[in-house]
Each structure stands twice: as structure tokens, then as C-alpha cells.
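J.: One structure follows; several queries about it will come next.
The values are calculated or read from the model by the stated rules, or taken from the named source; none is laboratory data. Given the structure is predicted, the values throughout are model-derived calculations rather than measurements. Positions of Cβ are backbone-derived with ideal geometry, glycine not excepted, and every protein chain shown enters the neighbour counts. Ligands, DNA and RNA are excluded from the accessible area calculation, which covers all protein heavy atoms including side chains. Shrake-Rupley method; radii C 1.70, N 1.55, O 1.52, S 1.80 Å.
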Amino acid sequence: MSQNPDSGPKEAGDLLLEQGKLTEAQLEQVRRRQRRLNLPQHRAIVDLNFASEEDTWRALAAVRHLEFVDPFALGLKRDILELVPIKLIFHYHLLPVRLEEDCLTLAFSEPPTQIEQGNLRLLLSKRFKIALATPSSIHAVIKKNFGLGAETIQKLREDRGGAEISQEITFDLQGKETDSAIEATVSAFVDQILQEALRLKATDIHLEPYANSVRLRYRVDGILETVPVPADMRQLQPAVVSRLKIMAGLNIAEKRLPHDGRIAMKTGQEEYDLRVSIMPAKYGEAVCLRILGRQNLFLDLSHLGMEPSQEAVLAQLTQLPQGMVLLTGPTGSGKTTTLYAALAQANDEGRKIITFEDPIEYQLEGTVQIQVREQIGLTFAAGLRSVLRHDPDVVLVGEIRDFETAEIAVRAAQTGHLVFSTLHTNDSVSAVTRLLEMRIEPYLIASSLVCSIAQRLARRICRHCSEEDHSIADATRKEMATALSLPASEVKAWKGRGCVECNHKGHRGRVAIYEFFLLNEAIMDLIQPGLRTGELRKAARELGWRSLREMAWRKVQEGLIPISEQERWTRVIDPAALLPKA
């Protein structure tokens, strides 16, 4: 039970309960976690995701009678940050945010104890006021102004008596640091790179060396974001690459050829695989790490973000005895996730499922997964022939790249196998013309292809700062009304304002947009050599087909994605725009 309101709230959870942001049951669960793990209550609330970090820290500030600030939104200048030694910023996880009449306002991520306050008075030799800020905003400001890994560099400088890191650091052939004082620094920096990527839910990490600097970028929600790093990291870059090579079991002495490897890592209960790609570049070796989360794969169709009618169709497709289902879309559009969700739906004791992939990105229980190895002749085509002799019911072919693979997949779909695969085309209808271009006989396509699905991943509006977008252009409003069969007055759109939760971007996470193209006899009769995509699209539209752009407008109307994101993925440039204006 909560406290008597007359006595006043004593903890953040009580205030959130009063504000209607927590329920009685949630607060009781928070208290159980608080007692079991000996956590502060505000940490338990955020861990359980019952309230946003900003709401929770605002409540904490209110019950402690402290000011709440957002350091990231304040746009702090370097001269303010230099009022406190960098060592203290890292140690106490604080930021100076304001100086008024010789009184400094310090923003902490946790309320400091009396002992910590006493220590800071001695170290700073000036008066200060305490404010609270979310850990995310303090972390963002530290990263923006000092760079990721600045704490590690600072410690290294201290170990060297304040000297700059001027010489490059290398590993010997046994993988040992030639400078033993650097070993912990390099390992710590690599760990920080990986932990920050997991915190941001990045899918890829890029580390690129240039003449006088190193660029670190994360791909978050499909977009590359540059992460600042200290200038001294240029000297550590070769050692960082060597460290990653050791973790992936690669040859650290070979720096002239590309390398590919894999690193298994675990944080808490989550397991991850890192796919490592190292390329020799002009100023050193460039690294790309693809993060594959074993736990984060959506194996439930309801989690994919399909419209209810699309979800029902895909569920039926997974139960077919034979036929071919193709997924189309660019790299990184979520095709693999959709395929695995379909396989999980098709996976039961009465069916044998075999996958043939390059590479195997996720492990799926109950299926036989085979890795393509082209260097020894185990290509998609050669492997698929062998797979069909292994008595499968369902076959997943990672990608149809050539005529041979396409022909075997098509014939397998005719001989009692359900075949799933991917194809690189712009939309679902183009899959038919792409197979025709690969010289597959029209009658084979007509009798084997059951459905083609195109998909894209669009950035989702942050639910914490979503607000209605009142600046919809007249042409956009008209197009949306037509696509959604709505009066123009009922057309709505939303956008993200930007907040602590989404790192002030307005987006958080992604949502898939799907376009389904189902074949029937009328469509099959059209499949002939020289078939135009426009002709096929027109026939499909008469049978209920809707384009990706039209499906994306639904996501806009539902408040899932902004208009800008819809345009990013489905915009078509009109050639008439190139004509001179009269």
C-alpha cells in the first residue's frame, strides 16, 4: 500500500503514483525488486520500465527538494565544463551547469551523500548547489564534449604522470601488449565501444582511421551516427584493431588482407554474436562489427508490425505444403527477421526444416542450419541440391543470386517443398520480372511462386515525446486521404519533439512496413517473356495489391512513423522536375 497522502511522498514511486504514472500493483512490484536487489527505488522503477527515466528523475528531484535540469538541452559550453576537473566529472558522474555569484550548480545523476558533498567542497574550494539530471543526459553531454573513452584516456595519462600519448601502441606476435601499461586501457576502450553500442541498440559499429583522427560511428535505427572520441585515440587505433583480432581469433600480424571473424560476448543474461570485418585502408585497418543479438529476434508474427490482414496471410503461407515465398528489400530491411519468424511459425514436430545461409545470423531450435562455404564449393546451388536429398518439408535459402540457385529453388517448390528465400528487388511485384530476367521459364514461376513480400524498416516516433504534426502539406494531405480512403479533414500525422528518452532525436526503435503480392490464376496468365512491371502492377492493384507507400501512410495515420520517415523510404522523384519551368 502507498503512504498516507497527508504525510507527503517520501520516495519517487509515491509521487509517480499520485501523478497516475504508476499503479499500486506496479509500485508494490518496484518495492519487492528494491528489497530483493538492494536498489534505490528510482533505479528499480526504470529497470522495470514502469515510467520513463525523465519522469522518474523529476519525481526524485521533487521529493528531495532539488532542482531538475536537462544538461543536454542546456547546450553547455566548454568554459562551464572546465570549472570542474575532468577527473571529478568522471568519478562523481556530475556536470557543472551554471555559475552564479561564485556559487556553482552541479547536476548529479544520483543524489550525493554528505561525505561526497564534503569531499567536493574541499576539492573544488567553492560553494555549490545540487541539482539532479538523468544518467542518460549526463552521459550524452560527457560523450559529446570529451568523447567516448575519455575516462580511459584520462586514466592512462595519469598512469604516465600526465604525459600525452604520442607513440603508437602495438601488440607482439603472441598478442601481448608491447607496453604493458596500455593493455588495460585498450581492453577497457574496446569494452566501452561495445557497451555503448548495446546501450544505443546499434546494429553496426564502424571504426575508421584517417591521417590525424579516428572516426567511430554506430548504425542506430538504420542511420549512421558519429560518436566523438578523444584525439589521443588515433595513437591507440592499431592496438584496438589488434585487440579485436585477438578476440575474433584472427591473425594480428597480417595487415594487408581483409579479415572476417566472429566474437561471442555476454552481458548480464543477454548473449550476442559480433560479426567482425576488417579491411586494409590507406591509414590503417578499418573495422566493421555487426551485432547479432541472439535474444532479440522476434519469433512471433504478432511482433513484426504487420497489418492484421497481412499477419493472417503470412500465417497461412507458413502452413502451405509446397510453393515459394520470396522476401524482397535492401540490405538491413529486416528480411532475415521476418523469415525466421515465418520459420518459427512453420516449425512443428511433423515437419523437417533445413536452412542454407551465408552467414548463419541466428540459431533457431528445431531446424538444421547449414553455412555456405564458397571457397570449398559449397555454394547456394550445390548445397540446395544436397539439401533436397535430405527429405526436408520446409527449406530456407538465404538468397537467390543466380540462375542456378533460382531454378533449383523453383523446382523444389514444385516437388512438395515449401521454400522461403530473399531476392534483391525494389518492390514485391518486381520479383516476377526479376525471375524472368534470370531466365526462369514463365510456367515454372507461375506454378511455384505463391507470394512475394517487400519490406522496409522505418524509424518509429518516440512514444515519450510524440506530438501531433499540424504542418501537413496540402498535396500530402490529399495523397494520404486517397490512399486511406478518408476525408482530408480526418488525415492526421505525428512527430517526435525530442527528449531524454530518445537522445533528443524524436525517434526510438523501428517498425516494419510490408507490401504483399499474392499470385492467382489471373496474374499467372500474365507471366510471359517481356512482361512489363507496370502491366503486372496494374493487374495486381485490381486484385487488392497496395504499394509500400500506401501501406506506409497507414503507419503515419496510426502515429507510428513521421511523414519525413515515410518519404525517406518511399519517395519517387518525378522526372518532370528536371524540365525547365515555363
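J.: Short version: ³J(HN,Hα) in whole Hz for each residue of the range 256-272, in order, from phi by Karplus 6.51 cos²θ - 1.76 cosθ + 1.60 (θ = phi - 60°), x for Gly and Pro, what are they?
T.: 9, 10, x, 10, 9, x, 8, 10, 9, 9, 9, 10, x, 8, 8, 10, 9
J.: On alpha-carbon atoms, Rg over Rh for the range 54-95 using Kirkwood Rh?
T.: Details: Rg = 12.3 Å, Rh = 11.8 Å.
Value, to two decimals: 1.04.
J.: In a shell of Cβ-Cβ distance under 14 Å around residue 24, excluding residue 24 itself, what net charge do Lys and Arg (+1) and Asp and Glu (-1) give?
T.: Values: positive: 21, 31, 32; negative: 14, 18, 28.
Local charge sum for residue 24: 0.
J.: Give the shape of the range 308-371 as rounded, prolate or oblate, defined through the alpha-carbon gyration tensor: a ≥ b ≥ c are the square roots of its eigenvalues, a/c under 1.5 means rounded, and otherwise the shape is prolate if a/b is larger than b/c and oblate if not.
T.: oblate
J.: Further question on the same structure: Between residue 579 and residue 102, what is the label-to-label distance in nm when each label sits 7 Å out along the Cα-to-Cβ direction?
T.: 7.5
J.: Based on the Cα atoms of the range 299-342, what semi-axes does the equivalent ellipsoid have, where each is the square root of 5 times one gyration tensor eigenvalue, given in whole Å with the largest first? Numbers along the way, then the final one.
T.: Working: eigenvalues 56, 40, 17 Å².
Here the semi-axes work out to 17, 14, 9 Å.
J.: Enter the Cα centre distance for the pair the range 319-337 and the range 15-74, rounded to the nearest angstrom.
T.: Centre-to-centre distance over Cα atoms comes out at 42 Å.
J.: Give me D for the range 275-400 in µm² s⁻¹, whole number, from Stokes-Einstein with Rh from the Kirkwood sum over alpha-carbon pairs, 37 °C and 0.692 mPa s. Don't jump to the answer; show the numbers that get you there.
T.: Details: Rh = 16.3 Å.
So the translational diffusion coefficient is about 201 µm²/s.
J.: Here's another thing I want to ask about it. Once you have a ≥ b ≥ c as the square roots of the Cα gyration tensor eigenvalues for the range 526-577, tell me rounded if a/c is under 1.5, and otherwise prolate or oblate according to whether a/b is larger than b/c. Mind dumping the intermediate values first?
T.: Details: a/c = 3.65, a/b = 1.70, b/c = 2.15.
Oblate, because a/c is 1.5 or more while a/b does not exceed b/c.
J.: Please list 126, 255 from largest to smallest accessible area, probe radius 1.4 Å, with all protein chains kept in place. Please report the intermediate quantities before stating the final value.
T.: On the way: 126 55, 255 95 Å².
Per-residue accessible area, sorted high to low, gives 255, 126.
J.: So what's Rg/Rh here for the range 467-538, counting alpha carbon atoms and using the Kirkwood radius for Rh? The partial results should precede the final answer.
T.: Working: Rg = 19.4 Å, Rh = 16.4 Å.
A ratio of 1.18.
J.: Then there's this: I'm checking a number: the convex hull volume of the Cα atoms of the chain, normalised per residue, in Å³. What is it?
T.: So the per-residue Cα hull volume is 234 Å³.
J.: Could you state the number of Å between the C-alpha centres of the range 433-455 and the range 219-255?
T.: About 43 Å separates the Cα centre of the range 219-255 from the one of the range 433-455.
J.: Let me ask something else. If ligands, DNA and RNA are left out, what is the accessible area of residue 395 with a 1.4 Å probe, given in Å² to the nearest 10?
T.: About 0 Å², rounded to the nearest 10.
J.: If you don't mind, there's one more thing I want to ask. For an R0 of 35 angstrom, estimate the FRET efficiency from the Cβ-Cβ distance between residue 266 and residue 117 and round to the nearest 0.05. Numbers along the way, then the final one.
T.: Details: r = 38 Å, r/R0 = 1.07.
That gives a FRET efficiency of 0.40.
J.: Right, something else. Below 14 angstrom from the Cβ of residue 526, what's the summed charge of the other residues (Lys, Arg +1; Asp, Glu -1)? Don't jump to the answer; show the numbers that get you there.
T.: Values: positive: 532, 537, 538, 541; negative: 521, 525, 535, 542.
So the surrounding residues net to 0.
J.: Please compare each pair in 10/555; 87/282; 245/495; 77/495; 126/201 to a cut-off of 31 Å on the Cα-Cα distance and tell me which ones are over it. Present the calculation step by step, with values, prior to reporting the outcome.
T.: Values: 10/555 42 Å; 87/282 35 Å; 245/495 42 Å; 77/495 29 Å; 126/201 40 Å.
The answer is 10/555; 87/282; 245/495; 126/201.
J.: With a cut-off of 8 Å between alpha carbons and a minimum separation of six or more residues, what is the relative contact order of the chain in percent? Mind dumping the intermediate values first?
T.: Working: 983 pairs, mean separation 51.3, N = 582.
Over the chain, the number comes to 9 percent.
J.: Here's a follow-up. Can you work out the FRET efficiency for the pair residue 224 and residue 522, with r the C-beta to C-beta distance and R0 = 51 Å, to the nearest 0.05? Intermediate results must be reported in sequence, preceding the final value.
T.: On the way: r = 44 Å, r/R0 = 0.86.
For residue 224 and residue 522, the calculated efficiency is 0.70.
J.: Less than 12 Å Cβ to Cβ from residue 423, Lys/Arg counted +1 and Asp/Glu -1: what total charge do the surrounding residues give?
T.: Values: positive: 335, 401, 434; negative: 399, 402, 427, 437.
Overall, the nearby charge balance is -1.
J.: Can you tell me how much longer the chain between residue 558 and residue 251 gets when fully stretched, taken as 0.36 nm per residue apart minus their C-alpha distance, in nm with one decimal?
T.: On the way: separation 307, 0.36 × 307 = 110.52 nm, distance 5.11 nm.
Full extension of this stretch gives 105.4 nm more.
J.: Another question, then. Could you tell me what % of all Cα pairs in the range 1-118 have separations over 17 Å? All intermediate terms of the calculation are to be shown ahead of the outcome.
T.: Details: 4264 of 6903 pairs.
That tail contains 62 percent of the Cα-Cα pairs.
J.: Work the Kirkwood hydrodynamic radius out for the range 193-270: mean of 1/r over every pair of different alpha-carbon atoms, inverted, in Å.
T.: Numbers: mean 1/r = 0.0718 Å⁻¹.
It is 13.9 Å.
J.: Subtract the Cα-Cα distance of residue 18 and residue 127 from 0.36 nm times their separation in residues, and report this length gain in nm to one decimal.
T.: Working: separation 109, 0.36 × 109 = 39.24 nm, distance 3.47 nm.
Full extension of this stretch gives 35.8 nm more.
J.: Right, here's the next one. Can you give me the Rg/Rh ratio for the range 487-582, using Cα atoms for both radii and the Kirkwood formula for Rh? Write down the numbers at each step before the final one.
T.: On the way: Rg = 18.3 Å, Rh = 16.6 Å.
With Rh from the inverse mean 1/r over Cα pairs, Rg/Rh is 1.10.
J.: Between 336, 38, 91, whose Cα lies farthest towards the positive end of the dipole of the chain when Lys and Arg beta carbons carry +1 and Asp and Glu beta carbons carry -1, centred on the Cα centre?
T.: Positive-most Cα among the choices belongs to 91.
J.: Also, I was wondering about something else. Taking the Cα-to-Cβ direction at residue 542 and at residue 64 and moving 7 Å from each Cα, how far apart do the two end points lie in nm?
T.: 7.0
J.: Suppose only helical runs count, i.e. DSSP H with n ≥ 4. What mean residue ellipticity at 222 nm does that imply for the chain under -39500 (n - 2.57) per run, divided by all residues and rounded to the nearest 500 deg cm²/dmol? Provide the component values of the computation, followed by the final result.
T.: Working: 23 runs with 225 residues, N = 582.
Result for the chain: -11500 deg cm²/dmol, rounded to the nearest 500.
J.: Please work out whether the range 340-397 counts as rounded, prolate or oblate from its C-alpha gyration tensor, where a ≥ b ≥ c are the square roots of the eigenvalues and a/c under 1.5 means rounded, while otherwise a/b larger than b/c means prolate and anything else oblate? Present the calculation step by step, with values, prior to reporting the outcome.
T.: Working: a/c = 2.76, a/b = 1.52, b/c = 1.81.
Oblate.
J.: Would you please give the FRET efficiency between residue 78 and residue 375, computed as 1/(1 + (r/R0)^6) with r the Cβ-Cβ distance and R0 = 51 Å, to the nearest 0.05?
T.: Details: r = 52 Å, r/R0 = 1.02.
It comes out at approximately 0.45.
J.: Relative to the longest principal axis of the C-alpha atoms of the chain, give the angle of the C-alpha long axis of helix 533-542, reported between 0 and 90° and rounded to the nearest 10°.
T.: 90
J.: Convex hull over the Cα atoms of the range 183-317, averaged projected area in nm²? It would help to have the intermediate numbers written out before the result.
T.: Values: hull surface 41.4 nm².
Mean projected area of the Cα convex hull: 10.3 nm².
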